[in-house]
1. Taking amide H positions as placed 1.01 Å from N in the peptide plane, with prolines and chain starts having none, which residues 5 or more places from residue 29, or on another chain, fall under 5 Å of its amide H?
2. Using a 10 Å cut-off around each Cβ, can you sort 184, 34 from fewest to most neighbouring Cβ atoms?
3. Taking only the alpha carbons of segment 83-192, what extent do you get along each of the three principal axes, in Å, biggest first?
4. With all distinct Cα pairs included, what does the Kirkwood hydrodynamic radius of segment 2-71 come out to in Å, to one decimal, could you say?
5. Give the percent of DSSP beta bridges with both residues in the chain that are antiparallel, rounded to the nearest 5.
6. Compute the distribution of all C-alpha to C-alpha distances in the chain, in bins of 5 Å from 0, and list the percent of pairs in each, rounded to whole numbers.
Amino acid sequence: MKLIASLTSPYARKIRVILAEKQLPFELEVDIPWVPETQVAAYNPLGKVPALVADDGEVWFDSPVIAEYLETLGGPALLPEERRAALPVRQTEALADGITDAAVAAFLESRRPAAQQDSATSERQITKIQRGLAALEERLEQRKGLDAGSLGLGDIAAGCALAYLDFRLPQLAWRQDHPSLAAWAAELLARPSFTASVPPAL
Ligand SMILES: N[C@@H](CCC(=O)N[C@@H](CS)C(=O)NCC(=O)O)C(=O)O
């Protein structure tokens with residue numbers, strides 16, 4: 001099995017954490033989709049990481065689909081088997097991935113030349129992140145697809161989203177307004193699967 005990923009992608013990190021938690025062996029092919037020599041489009045027509053080449057040659061993208069595929073390979077289950085019971089977990093994953101989407105968009109906007117940056121675009125994304133964090137905290141209190149017993153896909157996706165905020169938007173200081181989320185995340189982010197996939201400072 002081969003994972004095509006950049007070391008800074010939070011979506012790819014989600015998959016690396018899942019692979020580590022399930023102790024599934026894989027080869028990591030590092031590819032940065034933003035550089036001209038990228039080969040990512042050979043695996044994913046959308047030119048995005050992560051993509052996963054399965055042992056049978058099938059290629060899977062994007063991260064929720066890869067996560068679903070990895071469930072079929074065994075290891076500790078990260079999703080309830082019953083479809084209805086899996087929905088709150090998938091909802092938490094979608095929420096966490098959405099926070100990540102907004103954080104990526106805000107970060108990319110901040111990288112544009114100052115004269116081209118649009119403050120309304122950045123504010124719109126930051127608002128999504130703030131609302132998303134409040135919703136995550138609520139789900140944590142309700143144990144709805146988050147901290148709901150054993151480690152699940154919602155937990156992993158949320159951990160990757162929160163760690164990405166630390167990495168790219170530290171000025172948001174999300175822990176200040178979300179102490180219970182912060183306390184919960186501290187334990188999660190200390191797991192070996194997370195510490196082994198900390199992004200390099202780029
Ligand atoms: N929904 C996708 C998002 C993947 C994504 O946006 N990856 C970024 C890296 S963090 C990427 O490859 N961007 C390149 C591009 O948009 O051209 C997933 O969950 O896999």
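Computed from the coordinates by the stated procedures, all read-outs in this text should not be read as laboratory data. A quick note: this is a predicted structure, and the numbers were derived from the prediction, not measured. Don't worry about glycine lacking a Cβ; one is built from the backbone with ideal geometry, like all the others, and counts go over all protein chains shown.
1. 3, 4, 5
2. Working: 184 20, 34 9.
In order of increasing Cβ crowding within 10 Å: 34, 184.
3. 48, 28, 24
4. Numbers: mean 1/r = 0.0844 Å⁻¹.
Result for segment 2-71 stands at 11.9 Å.
5. Numbers: 5 of 9 bridges.
Approximately 55 percent, going by the DSSP bridge assignments.
6. Histogramming the chain at 5 Å steps yields 1, 7, 16, 20, 20, 17, 11, 6, 2, 0, 0 percent.
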